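Have a look at the structure below before the remarks.
Just so you know, all these numbers are worked out from the coordinates, no wet-lab data involved. Since we're looking at a predicted model, the values are computed, not measured. Neighbour counts are summed over all protein chains in view; Cβ atoms, including those assigned to glycine, are modelled from backbone coordinates with ideal geometry.
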Amino acid sequence: MYSDRLLDHFQNPRNVGELKSPAVTVEVTNPACGDILRLSVLIEDNHVTTVAYKVRGCTASIAAGSALTTLIAGKLLIDLSLLKPSDVEAALDGLPTESRHAAALCCDAVKALLRSLGQ
């Protein structure tokens with residue numbers, strides 16, 4: 001059902017936690033399933049230098065949040081707007097159809113982050 005990479009991100013999540021100010025923190029919810037993703041990002045010179053996340057949700061959402069942090073770390077803010085759910089899915093070697101909401105939740109968090117920064 002789940003790929004080995006997805007299970008690795010679930011069992012060994014990367015960058016779990018929340019960053020303190022001056023980091024920017026956003027929280028998004030998937031109203032259909034109730035999953036919640038909180039994303040914290042420290043930005044220097046328009047680069048994501050440090051990233052952390054917390055998820056309350058299913059296995060796929062926990063793994064997707066972990067994968068998201070590895071995808072956006074070190075990126076320019078302008079590049080974050082290019083992130084698509086398919087990028088998160090690819091980082092997990094795929095998601096079952098019923099779990100694709102997890103990748104969408106990650107992209108919603110990035111969009112919320114960019115909005116909060118006026119991007």
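Taking label positions 7 Å along the Cα-Cβ direction at both T70 and M1, the computed distance is 2.2 nm, reported to one decimal. For the chain, the spread of Cα coordinates along the three principal axes comes to 41, 26, 25 Å, biggest extent given first. Summary of packing: across the peptides 20-33, 49-62, the per-residue average of other C-beta atoms within 10 Å ranks them, highest first, as 49-62, 20-33. Across the stretch 4-116, C-alpha contacts under 8 Å between residues 6 or more apart give a mean separation that, scaled by the residue count, equals a relative contact order of 29 percent.
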